[in-house]
Amino acid sequence: MAEPRDLGGRAASREPRCLGARRDEPHDLVVVGAGPAGMAAAATALDGGLRVFLVDSGPAPGGQFWRHPPDHAREGVPTEALPAEDLHHDLRTYRALRATLTAHERTGRLTLLLDHHVWTTAREADGFTVHAVDRSRAPEERAVVLRARALLVATGAYDRQLPFPGWDLPGVLTAGGLQALLKGGGVVAGRRVVLGGTGPFLLPVAAALAGRGAAVVAVCEAAAPSAWLRHPAPLLRNPAKWAEAAGYAVTLARHRIPVRTRTAIISAEGEGAEGERAEGEGRVAVVRTASLAADGTPLPGTERRIEADTVGVGWGFVPQLDLLLPLGCGLADAGDGTTAAAVDAGQRTTVPGLYAAGETCGVGGAALAMSEGRVAAVSVLTDLSAPGLPGTRRLAAERRTVARHRAFARALAQAHPLPPAWPAWLTDDTTVCRCEEVTAGAVRSVRADGSAAGHRQVKQLTRAGMGWCQGRMCGPAVHCLVAAREVPYTPAERLIATPVTLGALADSGEPTADHT
Amino acid sequence: MEVVILGAGIVGAACAFHAASAGLDVTVLDRGPVGAGTTSRGEGNILLSDKEPGPELELARLSRDLWDEAADELGPETFEFEAKGGLVVAGAPEGLAALHAFAARQAAADVRTELVDRVGEFEPHIAPGLPGGVHYPQDAQVQPVLAAAALLRAAVRRGARVRTGEAVAAVTGTGGRITGVRTADGVVLPADAVVNAAGTWGGEVGRRLGAPVEILPRRGFVLVTEPLPPMIRHKVYSADYVANVASSDEGLETSCVVEGTRAGIILIGASRERVGFDTAMNPAVVALLAAQACRLFPFLRDVHLIRAYRGFRPYCPDHLPVVGPDPRVPGVLHACGHEGAGIGLAPGTGALITAQMLGRPWRGADPAAHTGLLPERFLTTGGVPK
Ligand SMILES: Cc1cc2nc3c(=O)[nH]c(=O)nc-3n(C[C@H](O)[C@H](O)[C@H](O)COP(=O)(O)OP(=O)(O)OC[C@H]3O[C@@H](n4cnc5c(N)ncnc54)[C@H](O)[C@@H]3O)c2cc1C
Ligand SMILES: Cc1cc2nc3c(=O)[nH]c(=O)nc-3n(C[C@H](O)[C@H](O)[C@H](O)COP(=O)(O)OP(=O)(O)OC[C@H]3O[C@@H](n4cnc5c(N)ncnc54)[C@H](O)[C@@H]3O)c2cc1C
């Protein structure tokens, strides 16, 4: 088997011998999620003298931003060629953070637990217990319990999906899924791709696809370009962001990729479906797009038929709050139709000892996630009276950065709202919940007879959201179908953050025999 | 006769269904949507197998017949009614003797029981080596929220109204008799009779109506697995469960009931803890339930848990529901405190409440036959709590 590798290009250190023993010892802080927010937070906390668990379900640190190709995709590929700069921005920062973490692993202050998925957490008298499954020897699963005085949840966000007729065909992915495919070394060369949705993440995905030899035949942005002009101040205060966007624009122009604003993908059809509906038949072959009225209704006579074998759709992201909700963490309207963890200026949640950073506090990009991670870590250092606090000037500057990026993110969200009339694209037989095969018609009928007031109730009455993904995929869409527009989506509480085998749980209840 | 039913859980829905069927003028008031209280937090077991002979078993037998009637009237599909039967297994030979003795007393109280020597013939995937068990063919299952919604819809077809709002106080007339209910938005719903079907919140609602009853919460967790092809045919549980249900010890008890549902998922439930309304996750309980389920069905070791949820069973200090008119406030009737059996007991409760309001038997519910559930048992002769 190939040696596990890090993004930095060098072989990752093998699991230290004493890891099992270290897992049993209480630490000062558990950081769940080793994306930009979690890595930055852990590094700051470690530098300040704390003992830290950094836990991630993935095989390497980095999160969404610095996602790693799986081992099998790397075989036969020269390591120097990966990762490519167009996919992994700011690798210098990654390498610096990684080096800090490695140094602290050597001193024994950091216990880095990869392939560990946290399935629940609980508050105890003197801190928290964090319950994870160790999947490093998959398919074997082993339950692990970590203890610490403070808990930082930096579990990121996931794609918000809006269903449309044909969205469940093979070849239709989320924009995030497409990006992950690219970063994971997936093959896209030669594909004919149409991208749709709203928000600035469509552009980097388009640029990256084009750079890898895919033909991006259209990018359909539902928002109007003029929307940006309504909130110019925060946008102008973030020149780096403009530069990034401009960079993508150049790439798109070079590849002659048309970006159509006020346009959406309203349906997709499978292979061999000339003229008739053939959902679930072959791979996607054709998409239909339409220009949108101001409320998002497709304008008659503007429909276009575009041949494509790959479709990427992105409607923004939903904060991953599964671990925060059962702890009783207060929520705040994130301004983009979702809710996020409510935090103070120090990233403290409403629960004592519990902190949140990165996209759990609202979507806003990697730089913001890192700043929030550092601010959160400083709060932990302060609250635990740790020796190594950074200077107040640095902290003040960091907090200003957070405020500026948050304002930018809000402005962006307002410029890229969900088209209010998108449910009009759905036919009654469009599947909304893929796990349980619940249609839009079924959801509409429980809404119409007055028995369903929210997505939780729809779930009870139709089974939408009861399947494998537990509504992580369909929840936001079902919410939009039944709730008033101004009410942001709040996910259902999920006590189990990831599926775990009953055997692993059963064994965790028994006295443990061997831990190494 | 104008009736206001407080609570649109399974019990309130069943009361509305029977009262409207009997021609009464019914309004159901709930602060939230139908079935969103404890009804959406439990399982849908309709059990005779776990009940000692006594007033609760009598209500359960009546209810069981009425579930059949409801399935005939509304269609078994509308609420996933399945008369699949229960299998109680003993873990050890001593346990089997105790289980047989228990079953013999139930049989004497007209519960159908069948002794089973080879449990593996009933449940091919059950753990080998179990000494035996008892089959209860009358045990059945429903999907509680669908059942509450179906009963309420049928009540509405018979003229009932459903309103959203919170009951805050009683309006009373001469002799302290109730004449209506005031809601949080100041609306007064006129009523000749008010039914307290507020489940776990029945204690608070009783207080607001001037007729307090003691209803306490008992927390329970339920585990849900990924969907599987059918592997488990009955409701299967170990005989310890019978002891736990009747127990009034503090603290945690678990003894799991394992069952497959129509959707292919397997439900494993439920724990019993007295921790007030503490909503905190308890990973140790989840681990214990998982261990017990795996002991009954070893194949479950490789099956994924995808969800867990918890709820608070409403219970009275003597673990019997309180069903009937409150002597302190004429016109108030209680229908709450069903603990871990409110789904199963709902239709019988609805029929009994209706019979009590009519002053004559209704659909097999004879008020004279269920006096053990009346609120009197908590009151001294002067009408104050004992
Ligand atoms: C398609 C796409 C394009 C993007 N392009 C840009 C861009 O150009 N510029 C930019 O600034 N940002 C971009 N981003 C956004 C950027 O990736 C995020 O802002 C950033 O990754 C957020 O960091 P985070 O640490 O909050 O979360 P994440 O990076 O999402 O990290 C969260 C981590 O938590 C782990 N985790 C979650 N739940 C658990 C659990 N229960 N147990 C254990 N581990 C868990 C996950 O495995 C993950 O590693 C893009 C994102 C996408 C999807
Ligand atoms: C884990 C668990 C497993 C269970 N398993 C089973 C089982 O297998 N079989 C079984 O039979 N039972 C089971 N139960 C028990 C069963 O769920 C309950 O007994 C039953 O749901 C009680 O129904 P209810 O209608 O009385 O209460 P609820 O469903 O709680 O309804 C009460 C309603 O009153 C409303 N309300 C409260 N206060 C007010 C107010 N002031 N104004 C207006 N409305 C108000 C609430 O909003 C609520 O909708 C289980 C319970 C738990 C927790």
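Numbers below:
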{"quantity": "Unique match (being touching a strand residue (DSSP E or B) at 6+ places or on another chain (Cβ under 6 Å) and surrounded by fewer than 18 Cβ atoms within 10 Å (Cβ to Cβ)) among B:ASP110, B:ASP25", "calculated": "B:ASP25"}
{"quantity": "Selection within the range B:285-319 - more than 23 Å from the chain's Cα centre (by Cα) and at the interface with chain A (Cβ under 7 Å from one of its Cβ atoms)", "calculated": "B:ALA287, B:LEU288, B:ALA290, B:ALA291, B:CYS294, B:LEU300, B:ARG301, B:ASP302, B:VAL303, B:HIS304, B:LEU305, B:ILE306"}
{"quantity": "Residue selected from the range A:173-206 under the condition over 19 Å from A:ALA264 (Cα atoms) and hydrophobic (A, V, I, L, M, F, W, C), by the criterion surrounded by the most Cβ atoms within 10 Å (Cβ to Cβ)", "calculated": "A:LEU182"}
{"quantity": "Only one of B:GLY210, B:GLY206 that is of a type outside the set (Phe, Trp, Tyr), closer than 25 Å to B:PHE277 by Cβ, assigned to a helix (DSSP H, G or I) and at pLDDT 95 or above", "calculated": "B:GLY206"}
{"quantity": "Helices (runs of 4 or more DSSP H) completely within the range A:433-516 that count 1 or more residues being small (Gly, Ala, Ser) and modelled with pLDDT under 90", "calculated": "A:440-448, A:475-482, A:502-509"}
{"quantity": "Residue within the range A:58-68 that is in a loop (DSSP other than H, G, I, E, B), touching an Asp or Glu at 6+ places or on another chain (Cβ under 7 Å) and at pLDDT 95 or above present", "calculated": "no"}
{"quantity": "Filter pass, A:GLY364 being within 16 Å of ligand 1 (Cβ to nearest atom), within 24 Å of A:GLY475 (Cβ to Cβ), among the small types (Gly, Ala, Ser) and in a loop (DSSP other than H, G, I, E, B)", "calculated": "yes"}
{"quantity": "B:THR78 farther than 27 Å from B:CYS15 by Cβ and among the hydroxyl-bearing types (Ser, Thr, Tyr)", "calculated": "no"}
{"quantity": "Any chance B:GLY220 is within 14 Å of another protein chain (Cβ to nearest Cβ), near ligand 2 (Cβ under 9 Å from one of its atoms) and out of contact with any helix residue (DSSP H, G or I) (no Cβ under 8 Å at 6 or more places or on another chain)", "calculated": "no"}
{"quantity": "Failed item in (1) surrounded by fewer than 22 Cβ atoms within 10 Å (Cβ to Cβ); (2) within 11 Å of ligand 2 (Cβ to nearest atom), with B:PRO76 passing the rest", "calculated": "(2)"}
{"quantity": "Pair list, Cβ under 8 Å, 6 or more apart: the range B:342-353 residue within 14 Å of chain A (Cβ to nearest Cβ), other residue part of a helix (DSSP H, G or I) and away from ligand 2 (no atom under 11 Å from the Cβ)", "calculated": "none"}
{"quantity": "Test: A:ALA125 is out of contact with any helix residue (DSSP H, G or I) (no Cβ under 8 Å at 6 or more places or on another chain) and aliphatic (A, V, I, L, M)", "calculated": "yes"}
{"quantity": "Filter result for A:ARG137 (more than 12 Å from chain B (Cβ to nearest Cβ), more than 16 Å from ligand 1 (Cβ to nearest atom) and of a type outside the set (A, V, I, L, M))", "calculated": "yes"}
{"quantity": "Count of the range A:92-116 residues which are among the β-branched types (Val, Ile, Thr), free of Cβ contacts under 8 Å to residues at least 60 places away in the same chain and surrounded by 14 or more Cβ atoms within 10 Å (Cβ to Cβ)", "calculated": "1"}
{"quantity": "Criterion: within 14 Å of ligand 2 (Cβ to nearest atom) and within 14 Å of another protein chain (Cβ to nearest Cβ) - qualifying residue of B:VAL195, B:VAL162, B:VAL205, B:VAL213", "calculated": "B:VAL162"}
{"quantity": "B:VAL224 being in contact (Cβ under 8 Å) with a residue 40 or more places away in the chain and under 27 Å from B:LEU289 (Cβ atoms)", "calculated": "yes"}
{"quantity": "The range B:7-21 residues that are over 17 Å from B:GLY324 (Cα atoms), paired with ones that are away from ligand 2 (no atom under 11 Å from the Cβ) and among the basic types (Lys, Arg) (beta carbon under 6 Å, 6 or more apart)", "calculated": "B:ALA20/B:ARG158; B:SER21/B:ARG158"}
{"quantity": "Count - residues of the range A:342-361 that are of a type outside the set (Ser, Thr, Tyr) and within 11 Å of ligand 1 (Cβ to nearest atom)", "calculated": "5"}
{"quantity": "Only listed residue being crowded, with 24+ Cβ neighbours inside 10 Å and more than 10 Å from ligand 2 (Cβ to nearest atom), chosen from B:VAL323, B:VAL329, B:VAL303", "calculated": "B:VAL323"}
{"quantity": "Residues that are away from chain A (no Cβ under 14 Å) and more than 6 Å from ligand 2 (Cβ to nearest atom), drawn from the range B:17-45", "calculated": "B:PHE17, B:HIS18, B:ALA19, B:ALA20, B:SER21, B:ALA22, B:GLY23, B:LEU24, B:ASP25, B:VAL26, B:THR27"}
{"quantity": "Residue match in the range A:409-416 (condition: touching a residue at least 40 places away in the same chain (Cβ under 8 Å), assigned to a helix (DSSP H, G or I) and out of contact with any helix residue (DSSP H, G or I) (no Cβ under 9 Å at 6 or more places or on another chain))", "calculated": "yes"}
{"quantity": "Hits in the range A:453-483 - residues which are out of contact with any strand residue (DSSP E or B) (no Cβ under 9 Å at 6 or more places or on another chain) and polar (S, T, N, Q)", "calculated": "A:GLN457, A:GLN460"}
{"quantity": "All strands (runs of 3 or more DSSP E) inside the range A:110-192 with 1 or more residues being farther than 25 Å from A:THR289 by Cα", "calculated": "A:110-113, A:116-124, A:127-134, A:142-153, A:157-159"}
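The values are calculated or read from the model by the stated rules, or taken from the named source; none is laboratory data. Just so it is clear, the structure is predicted and the values come from calculations on it, not from any experiment. All Cβ positions, even for glycine, are placed from backbone atoms using ideal geometry, and neighbour counts span all protein chains on display.
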